[in-house]
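The values are calculated or read from the model by the stated rules, or taken from the named source; none is laboratory data. What you see is a predicted model; the values in this text were computed from it and never measured. Cβ sites come from the backbone with ideal geometry, for glycine too, and all protein chains shown count toward neighbours.
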Amino acid sequence: MSRSIIDITSPDVRSYSILIGTGIGQKIAETISQEAAGMRVAVITDSGVRAILGEQFLRALKTAGLSAEIFEFRAGEESKNQDTITALQHALLEKRYGRDTLIVALGGGVVGDVAGFVAATYLRGVPWINVPTTLLAMVDSAIGGKVGIDTPYGKNTIGAFWMPRAVLMEIEYLSQLPAKEILNGLFEAVKTFFTSDKDSLALVERLDPAHPAEDLANLAQIVEASVRIKEGITKRDLREESERKIINFGHTIGHAIELLSRYKLPHGYSIAWGMLVEAKISELLGHLSEGDSRLIFATLSRLGIQSADFPSFNPEEIIEATKGDKKVRGGKPHYVLLERIGSVYVKDGLYAHPVDDEVVKRALQSL
Ligand SMILES: NC(=O)c1ccc[n+]([C@@H]2O[C@H](COP(=O)([O-])OP(=O)(O)OC[C@H]3O[C@@H](n4cnc5c(N)ncnc54)[C@H](O)[C@@H]3O)[C@@H](O)[C@H]2O)c1
């Protein structure tokens, strides 16, 4: 058993701990049990996670002296909507869960976003603990307190900032995750390293893209490096008014592609394509060197993202789809641009910038 603890304290955020480790399933159950003293525990999960981890999770809670009830919804991004939220809220109300409720999210980014949003809104807000089970959730979505759902108008267009009491990560859960899901999460970690930490790209290079879950120790290091960077950014800018915008590198184009694919393309893959385009935009605008741009293309190509396979949407429809994005200011979508690998372009204290449609179009056509 190995583990590391990152304590989050900031004037804006109620302090909480992030526990990352391998073989710490029982420790996670004990931590939940301590937090749950005098409370009723509702575990929210999806059908996929329940089938794989549900019983073992409940057993560990039981060993830790806690009885909990599972509330499940159908796995998949299509479930991240108002209907699922209403169904879960009503199921809790039906069973008379009161203000003494502790919600535990057990699952990937979809479960975390949904369960966290239920926690933020149930009886005007109850505490929650996040137990992320996908790489994407560990390196990214479980950190920073953003919760919410999609609407026909776009991804994550309804939501809240609602900090968990703890984020508890068992790296061993990743051993059952299909390679495609590992890569999906790896793209968010790669994004963090492109914007903030060139050195950690060496960890990504060590992974075998065909069998990424084989080296759990390396994955644990990738998780820890990503978490440390993201929690630092979150602490400095909880509400995404300045620096936190950099987590959106690749996301203006990525979200547009995801929307156009009607969410059939997974989030991580969508932002990987988005990073290719946004690196090219950075290069066309003269912020990023050709050499760094080439390195970004090579890193993503090794992980299966090649410009020749770019999703078959035309540039005009992609540009149009960017205009419904949350990052639109004054009618113009904004982009996070790189000035080198590990560092973003900042101008006048701003971390995201409007870009002419013509430049975006050239970048898209260059792929
Ligand atoms: N809140 C944020 O800050 C933030 C940041 C990034 C992404 N997100 C959101 O995260 C979501 C994507 O998350 P995701 O990629 O984790 O998808 P997901 O939650 O849909 O999980 C993917 C699939 O893996 C299954 N699964 C989960 N854990 C497993 C395990 N250990 N073993 C085997 N199968 C497992 C799930 O049942 C599901 O079918 C998107 O909705 C995205 O918008 C949120």
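Using the structure shown, decide if F117 is outside the structural domain of L260 (by TED's automatic domain parsing), touching a Ser or Thr at 6+ places or on another chain (Cβ under 6 Å), more than 9 Å from the ligand (Cβ to nearest atom) and not small (G, A, S). Talk me through it step by step, then tell me what you get.
Working: outside the structural domain of L260 (by TED's automatic domain parsing): yes; touching a Ser or Thr at 6+ places or on another chain (Cβ under 6 Å): no; more than 9 Å from the ligand (Cβ to nearest atom): yes; not small (G, A, S): yes.
So F117 fails the test.
Please verify whether V227 is within 13 Å of the ligand (Cβ to nearest atom), in a helix (DSSP H, G or I) and in contact with a strand residue (DSSP E or B) (Cβ under 7 Å, 6 or more places away or on another chain), treating the condition exactly as stated. Lay out the reasoning, then the answer.
On the way: within 13 Å of the ligand (Cβ to nearest atom): yes; in a helix (DSSP H, G or I): yes; in contact with a strand residue (DSSP E or B) (Cβ under 7 Å, 6 or more places away or on another chain): yes.
Yes: the conditions hold for V227.
Looking only at helices (runs of 4 or more DSSP H) that lie completely in the stretch 264-327, which have at least 1 residues being modelled with pLDDT of 95 or more and of a type in the set (F, W, Y)?
Values: elements: 267-284, 290-302, 315-322.
Ranges flagged: 267-284, 290-302.
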Checking I32 against (1) assigned to a helix (DSSP H, G or I); (2) at pLDDT below 95; (3) surrounded by 20 or more Cβ atoms within 10 Å (Cβ to Cβ); (4) not polar (S, T, N, Q), only one condition comes out false. Which one? (2)
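I'm checking my understanding of the structure. Among residues of the stretch 141-160 that are outside any strand (DSSP E or B) and near the ligand (Cβ under 7 Å from one of its atoms), which one is surrounded by the most Cβ atoms within 10 Å (Cβ to Cβ)?
Step one: of the stretch 141-160, the residues outside any strand (DSSP E or B) are 141-145, 152-153.
This time we only want the ones that are near the ligand (Cβ under 7 Å from one of its atoms), so: 141, 144.
Values: S141: 24, G144: 22.
Looking at residues that are outside any strand (DSSP E or B) and near the ligand (Cβ under 7 Å from one of its atoms), I get S141.
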When you go through G108, G65, G112 one by one, which is the residue that is touching a residue at least 60 places away in the same chain (Cβ under 8 Å), in contact with a helix residue (DSSP H, G or I) (Cβ under 7 Å, 6 or more places away or on another chain), of a type outside the set (D, E, K, R) and closer than 30 Å to G23 by Cα? G108
Give all pairs with beta carbons closer than 7 Å in which a residue from the stretch 151-170 that is under 21 Å from E258 (Cα atoms) and modelled with pLDDT of 95 or more meets a residue that is buried (at least 20 other Cβ atoms within 10 Å of the Cβ) and not β-branched (V, I, T); count only pairs at least 6 apart in sequence or on separate chains. I158/G148; G159/F117; G159/K146; G159/G148
Here are the criteria: (1) out of contact with any helix residue (DSSP H, G or I) (no Cβ under 8 Å at 6 or more places or on another chain); (2) touching a residue at least 60 places away in the same chain (Cβ under 8 Å); (3) not β-branched (V, I, T). Tell me which single one D348 does not satisfy. (2)
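Could you look through the stretch 252-296, keep only residues that are among the small types (G, A, S) and under 15 Å from H353 (Cβ atoms), and pick out the one that is surrounded by the fewest Cβ atoms within 10 Å (Cβ to Cβ)?
First, the residues of the stretch 252-296 that are among the small types (G, A, S): 254, 256, 261, 268, 270, 272, 274, 279, 282, 286, 289, 291, 293.
Now drop any that are not under 15 Å from H353 (Cβ atoms), which leaves 279, 282, 286.
Working: A279: 25, S282: 26, G286: 9.
Going through the qualifying residues, I end up with G286.
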